[in-house]
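First comes the structure, then the notes that go with it.
Computed from the coordinates by the stated procedures, all read-outs in this text should not be read as laboratory data. The shown structure was predicted, so the numbers you read here are calculated from the model rather than taken from an experiment. As a convention, Cβ positions derive from the backbone with ideal geometry for all residues, glycine included, and neighbour counts pool all protein chains shown.
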Amino acid sequence: MELGQVVDFYDRHPINEGQILDTRVSFVGGDAVRLPFRTASFTACLSQEALLHVPDKAGALAECARVLIPGGRLAFTDWVAGPRLSPGERRRLNEWMAAAGVESLEGYKRLLTRAGFGAIEVEDLSDWWRRILRERLQMYRGLKAETVARFGQARYDEYDQLYAFFVGLVEAGKLGGGRFSATRGG
Ligand SMILES: C[S@@+](CC[C@H](N)C(=O)[O-])C[C@H]1O[C@@H](n2cnc3c(N)ncnc32)[C@H](O)[C@@H]1O
């Protein structure tokens, strides 16, 4: 999907009638470890499958704590590593998907505590993700003829190999998903 299509959808979506979103939503580019916002300026902080790309997770969580008011809530989803994820597999995830660091469920709990968060809730989404990714791999393979016609056999093979590797890690319990929420201490 082109960016223009997303904007078009946003403009025409019923929720934006009367410019509701125009007055409540703005987009600001920035680095997660140096958020361009004032201290204690938000009641909630959300992230979806982005922290895996940030090597300094302690720094990113410290920034979330900084910009939240005391009692503000942080919620995020991310990939999580199982104990058997090997250094070689981590390297390949980094080279292929820019997964600069994959944390474990327990590791995230420790990092959140150290960053000053309490009331930490952790949900393991791995079973759910496994089903979704298995279906997605089948869907991509079902589109083989069209994909090869459009991008060529070599590109199809390269992507299929890498995606199968990724899904294989999830099938083997070496990689999964987690949903986290936590409250910034006072
Ligand atoms: C897998 S995408 C997820 C995007 C979106 N949250 C979603 O679920 O569709 C990962 C996102 O992380 C962002 N990202 C990676 N490193 C970042 C950093 N250091 N600071 C801020 N964002 C970063 C990328 O720009 C990208 O938009």
Furthest towards positive pole of dipole, 94, 173, 108, structure part the chain, Cβ charges: 108
With Cα atoms, 0 to 90° folded angle of helix 126-142 axis to the chain main axis: 40
Acute angle (nearest 10 degrees) that the helix 153-171 long axis makes with the longest principal axis of the chain, alpha-carbon atoms: 60
Ellipsoid equivalent to the chain - semi-axes via the Cα gyration tensor, in Å: 32, 25, 14
Theoretical FRET efficiency, 1/(1+(r/R0)^6), r = Cβ-Cβ of residue 96 and residue 37, R0 35 Å, to 0.05: 0.65
Sites residue 153 and residue 119, calculated FRET efficiency, Cβ-Cβ separation with R0 41 Å, nearest 0.05: 0.20
Computed [θ] at 222 nm, helices only, for the chain once each DSSP H run of length n ≥ 4 contributes -39500 (n - 2.57): -15000 deg cm²/dmol
Interchain or long-range residues, amide H under 5 Å from residue 103's placed H: 81
Sequence ranges 23-31, 148-156, ranked by mean other-Cβ count within 10 angstrom, highest first: 148-156, 23-31
Between helix 87-97 and the chain: long-axis angle, C-alpha atoms, 0 to 90°, nearest 10: 90
